[in-house]
1. Any residue that is under 20 Å from residue A:39 (Cα atoms), part of a loop (DSSP other than H, G, I, E, B) and among the aliphatic types (A, V, I, L, M) - is there at least one of those in segment A:56-78?
2. Taking the residues in segment B:167-207 that are in contact with a Cys (Cβ under 6 Å, 6 or more places away or on another chain) and within 14 Å of chain A (Cβ to nearest Cβ) as candidates, determine which candidate is farthest from residue B:137 (Cα to Cα).
3. Where the second residue is part of a strand (DSSP E or B) and not β-branched (Val, Ile, Thr) and the first is on the phi < 0 side of the Ramachandran plot and modelled with pLDDT of 95 or more and lies in segment B:216-230, which pairs have Cβ atoms under 6 Å and are six or more apart or on separate chains?
4. Output the residues belonging to segment A:95-117 that are within 12 Å of chain B (Cβ to nearest Cβ) and assigned to a helix (DSSP H, G or I).
5. Quick test for you: out of B:125, B:146, pick the one residue that is farther than 30 Å from residue B:269 by Cβ, within 11 Å of another protein chain (Cβ to nearest Cβ) and touching a strand residue (DSSP E or B) at 6+ places or on another chain (Cβ under 7 Å).
6. Please determine, by comparing only the residues of segment A:128-143 that are without any contact (Cβ under 8 Å) to a residue 60 or more places away in the chain and over 28 Å from residue B:177 (Cβ atoms), which one is nearest to the other protein chains (Cβ to nearest Cβ).
7. Any chance you could count how many residues in segment B:1-35 are of a type in the set (Gly, Ala, Ser) and either under 13 Å from residue B:61 (Cβ atoms) or assigned to a loop (DSSP other than H, G, I, E, B) (or both)?
8. In segment A:208-226, what residues are facing chain B (nearest Cβ under 8 Å), out of contact with any helix residue (DSSP H, G or I) (no Cβ under 7 Å at 6 or more places or on another chain) and within 12 Å of residue A:175 (Cβ to Cβ)?
Number of protein chains: 2
Amino acid sequence: MHRLSLNQKTVDRWSLAEAVDGCVRAGITAIGIWREPLHDTGVTRGAKLIRDAGLRVSSLCRGGFFTAPDGPARVQALDDNRRAIDEAAALDAACLVLVVGGLPHGSRDLPGARLRVAEALNELAPYAQKSGVRLALEPMNPVYCADRGVLSTLGQALDLAEQFDPCVVGVVVDTFHVWWDPDVEVQIARAAGRIAGYQVCDWITPLPPDTLLARGVMGDGHIDFPRLGAAVDAAGYRGDTEVEIFNADLWARPGDETVELIKSRYAQHVAVTGGATP
Amino acid sequence: MHRLSLNQKTVDRWSLAEAVDGCVRAGITAIGIWREPLHDTGVTRGAKLIRDAGLRVSSLCRGGFFTAPDGPARVQALDDNRRAIDEAAALDAACLVLVVGGLPHGSRDLPGARLRVAEALNELAPYAQKSGVRLALEPMNPVYCADRGVLSTLGQALDLAEQFDPCVVGVVVDTFHVWWDPDVEVQIARAAGRIAGYQVCDWITPLPPDTLLARGVMGDGHIDFPRLGAAVDAAGYRGDTEVEIFNADLWARPGDETVELIKSRYAQHVAVTGGATP
């Protein structure tokens with residue numbers, strides 16, 4: 001339980017201050033931060049709130065969205081990523097999660113979009129290194145390939161990450177995104193030393209109508225958390241396990257109730273084999 | 001246009017006889033058959049209707065759904081697949097498409113389900129060979145991994161298929177299922193001599209609420225058909241290109257209107273580079 005981290009998205013209606021308080025009340029010692037509520041609070045004030053509460057920041061979500069071709073949109077995206085790196089440094093976050101973005105509007109050039117991800121990474125990695133921030137490429141479930149993330153497998157994310165120092169560019173393993181991959185255990189093993197974050201939520205069926213809010217609470221779906229957790233553990237990951245759940249039904253509940261549910265499901269499904277616990 | 005095949009699912013409200021007539025009216029010379037409407041018509045009568053109309057049967061859809069553990073459900077599934085093989089033989093279908101099935105009810109054992117696919121194939125391949133029917137493993141988009149098909153990539157399908165004579169076990173390349181795969185061109189090339197069918201439809205966003213009916217008409221979405229078609233062509237595939245679209249809006253239209261739309265979009269998006277045309 002000491003490695004459980006509450007990702008803010010799981011309690012989407014809470015402000016940063018409320019989420020910090022909720023963690024403290026529940027005895028949770030780490031938090032995954034989203035930039036929008038951080039901006040609402042102010043970065044300096046937010047960082048102080050978190051520090052004063054004694055919480056670790058397991059991730060800052062998120063940078064990325066840099067698949068646009070050369071032009072003002074791309075310049076703007078890279079600038080925004082530099083700001084995200086600054087914020088991750090201010091929070092002393094374990095990593096800055098990168099959701100790389102989908103196909104640019106009207107484009108069907110998937111290899112081109114993927115190439116621009118590699119180029120963006122080349123541009124941002126030196127800045128991250130100077131700032132002491134670890135970038136974390138997040139492969140996304142192929143259901144999001146067109147509109148969220150053209151990195152579709154852990155293997156593909158590692159192909160990119162391996163061009164860099166593992167302290168500068170790592171990967172995020174999110175069960176929702178990788179659980180289906182026939183190669184997932186091989187790729188998690190390959191990611192040894194490069195796993196910057198481990199996120200859990202379940203794959204539920206039928207998939208809720210809004211695919212962005214289609215994530216389930218652990219135990220409600222089809223994912224074998226002990227198997228994936230054991231692989232992440234065997235790869236040497238000793239960081240936090242973030243519970244990150246986008247789900248409209250969950251968001252409609254009182255935050256404290258959600259946090260208690262998360263704690264209980266975490267204990268029941270995620271922390272069971274010592275999977276992600278050392 | 002002479003390689004365009006109309007998959008019956010695209011005109012879901014038509015009976016087999018209506019679909020055959022619709023193809024003839026539209027000058028389409030091949031059809032992909034589904035078992036349920038075939039059973040409604042009767043296999044012998046259906047086969048005669050198709051033969052008398054001079055149509056090729058580009059596929060029979062579908063066998064599979066054999067991930068159940070040992071027991072009556074598995075015996076029943078394998079028996080049903082043998083019947084499907086008989087029907088494919090009666091229709092002289094180019095292949096019997098296999099949608100392998102999802103996780104058994106209540107199970108999270110994905111490697112186990114995948115293993116049972118391999119075992120089912122071992123059991124069915126000799127029967128298919130004796131019947132002169134080519135089985136065609138269909139890797140499914142990971143969005144269907146839990147509930148439809150635990151074969152998630154073309155590479156994984158080929159790992160299985162390559163245990164057998166290519167005339168007995170091949171693969172289906174369906175653009176909806178494979179378009180996102182970073183490895184898709186390599187795997188299509190690897191599939192040379194083993195591509196038993198090529199199916200096209202588009203990936204549209206936002207994904208419609210019912211993921212089973214989430215397929216788009218070519219040109220309405222994000223898939224680069226010329227790129228995938230060229231790869232399939234370069235792998236030596238010279239069979240039909242089946243248009244298979246599960247889409248409630250499309251099903252609500254008069255069948256003839258759908259067929260004309262399909263023909264026009266096929267000409268515009270699929271047949272353009274000589275991709276799937278020789």
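1. For segment A:56-78, residues under 20 Å from residue A:39 (Cα atoms), part of a loop (DSSP other than H, G, I, E, B) and among the aliphatic types (A, V, I, L, M): absent.
2. Taking segment B:167-207 as the starting set, the residues that turn out to be in contact with a Cys (Cβ under 6 Å, 6 or more places away or on another chain) are B:176, B:180, B:196-197.
Cutting the leftovers down to within 14 Å of chain A (Cβ to nearest Cβ) gives us B:176, B:180.
Values: B:176: 15, B:180: 18 Å.
Selected residue: B:180.
3. Once the first residue is on the phi < 0 side of the Ramachandran plot and modelled with pLDDT of 95 or more and sits in segment B:216-230, its partners that are part of a strand (DSSP E or B) and not β-branched (Val, Ile, Thr) give B:216/B:202; B:218/B:202; B:220/B:202; B:221/B:202; B:221/B:203; B:222/B:203; B:223/B:202; B:223/B:203.
4. Result: A:110, A:111, A:112, A:113, A:114, A:115, A:117.
5. B:146
6. Filtering first and then ranking leaves A:128.
7. 5
8. A:221, A:222, listed by residue number.
The values are calculated or read from the model by the stated rules, or taken from the named source; none is laboratory data. Being a predicted model, the structure only gives us computed values, none of them experimental. Here Cβ is always computed from backbone atoms with ideal geometry, including for glycine, and neighbour counts include all displayed protein chains.
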